[in-house]
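Student: Once you've had a glance at the structure underneath, I'll fire off some questions.
The values are calculated or read from the model by the stated rules, or taken from the named source; none is laboratory data. All values derive from a computational prediction rather than experimental measurement. Because the Cβ atoms are built from the backbone with ideal geometry, glycine has one as well, and the counts that use them run over all protein chains shown. The accessibility values were calculated without ligands, DNA or RNA, using every heavy atom of the protein model including side chains. Shrake-Rupley method; radii C 1.70, N 1.55, O 1.52, S 1.80 Å.
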Amino acid sequence: MKNLILLGPPGAGKGTQARTLCEKYGFVQLSTGDMLREAKKDETDLGRKVAGIMAKGELVTDEIVIGLIEKKLTNDENEIGFIFDGFPRTLAQADALGNLLDSIGQSLDHVVELFVDDEKLVQRIIGRFTCSSCGELYHKITKPPENAGICDVCGSKDKFNFRQDDNEVSLKIRLLAYYRDTSPLIGYYHVLNKLRKINGLGSVDEIQNNIRNIIK
Ligand code: AMP
């Protein structure tokens, strides 16, 4: 088992890399952002509670996200390893993750920091959208579908989804939350000798290879 955290600001490519590693090698992706969006879509109590916070780009409480991760770690069958994407985002979450992994007899192997400069993050995020059927990621300018309105991968029509928080106002708040609450984790995992840094500006394949070299 290899357990891995992908750390980086919004738009660094954590989700894309996590998804590919899971498809190729059988890792289980644990994305608190995806779990919360799912809860919103299903209009659960939790979904209603977090909708406003997420739309603004602020962080939901540690208690909520730690609860979500705890449920997954104790219930999901997995022999390859977990990829944490968008979790932990605060020092309290990092401590809780360490304790949770301990309690199931596992440990954290690597923390991969994907770094990308802010200007590039804004370009990447403003204009990105996904296919709501298969999850393929697109961008209005850098990667539009080959045929307008049709997903290149699964062929579904007009099922594209723009994230509500992918706008300039929310993005500013998300970046602020990253630098204020999440970037201290870089030091935290450096001290634990788990941190590996990767330039997040290469192609998806290049970055994937760099991650593979770390977790081999
Ligand atoms: P993401 O998809 O990872 O960018 O997350 C989208 C939004 O969900 C964030 O802007 C937060 O509002 C919330 N969120 C996701 N993961 C966490 C977390 N670990 N801690 C607090 N809030 C989170």
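Listed here are the residues, each with its yes/no results for (1) away from the ligand (no atom under 12 Å from the Cβ); (2) hydrophobic (A, V, I, L, M, F, W, C); (3) surrounded by fewer than 20 Cβ atoms within 10 Å (Cβ to Cβ); (4) at negative phi.
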position: ASN3; (1), (2), (3), (4): yes, no, no, yes
position: LEU6; (1), (2), (3), (4): no, yes, no, yes
position: PRO9; (1), (2), (3), (4): no, no, no, yes
position: CYS22; (1), (2), (3), (4): yes, yes, yes, yes
position: PHE27; (1), (2), (3), (4): yes, yes, no, yes
position: ASP34; (1), (2), (3), (4): no, no, yes, yes
position: ASP45; (1), (2), (3), (4): yes, no, yes, yes
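Student: Restricting attention to strands (runs of 3 or more DSSP E) lying wholly within the range 62-154, give those where 1 or more residues are open to solvent by 80 Å² or more (accessible area, probe 1.4 Å) and of a type outside the set (Val, Ile, Thr). Walk me through it before giving the result.
Tutor: Values: elements: 82-85, 110-115, 128-131, 137-139.
Ranges flagged: 110-115.
Student: Here's another thing I want to ask about it. Check ILE53 against each of (1) open to solvent by 30 Å² or more (accessible area, probe 1.4 Å); (2) of a type in the set (Val, Ile, Thr); (3) at pLDDT below 95 and name the one condition it does not meet.
Tutor: Result: ILE53 passes all but (3).
Student: Separate question: Condition test on LYS143, is it among the basic types (Lys, Arg), away from the ligand (no atom under 12 Å from the Cβ) and closer than 23 Å to ILE215 by Cα?
Tutor: Numbers: among the basic types (Lys, Arg): yes; away from the ligand (no atom under 12 Å from the Cβ): yes; closer than 23 Å to ILE215 by Cα: no.
Here the answer is no, as LYS143 does not meet what is asked.
Student: OK, next. So, in the range 171-211, of the ones that are basic (Lys, Arg) and in contact (Cβ under 8 Å) with a residue 12 or more places away in the chain, which residue ends up most open to solvent (accessible area, probe 1.4 Å)?
Tutor: So the residue we want is LYS172.
Student: For ASP158, state whether it is more than 15 Å from the ligand (Cβ to nearest atom) and either among the charged types (D, E, K, R) or closer than 17 Å to LEU121 by Cβ (or both).
Tutor: Yes: the conditions hold for ASP158.
Student: Failed condition for THR16, given (1) touching a helix residue (DSSP H, G or I) at 6+ places or on another chain (Cβ under 7 Å); (2) more than 9 Å from the ligand (Cβ to nearest atom); (3) modelled with pLDDT of 95 or more, with all others met?
Tutor: (3)
Student: Which pairs turn up if I take residues in the range 51-68 that are near the ligand (Cβ under 9 Å from one of its atoms) and look for partners that are among the aromatic types (Phe, Trp, Tyr) with beta carbon separation below 8 Å, at least 6 apart in sequence or on another chain?
Tutor: Short answer, once both residue conditions are applied: VAL65/PHE87.
Student: So ARG89 fits all but one of (1) of a type in the set (D, E, K, R); (2) under 21 Å from ILE215 (Cα atoms); (3) under 18 Å from the mean Cα position of the chain (by Cα); what number is the exception?
Tutor: Against the list (1) of a type in the set (D, E, K, R); (2) under 21 Å from ILE215 (Cα atoms); (3) under 18 Å from the mean Cα position of the chain (by Cα), ARG89 comes up short only on (2).
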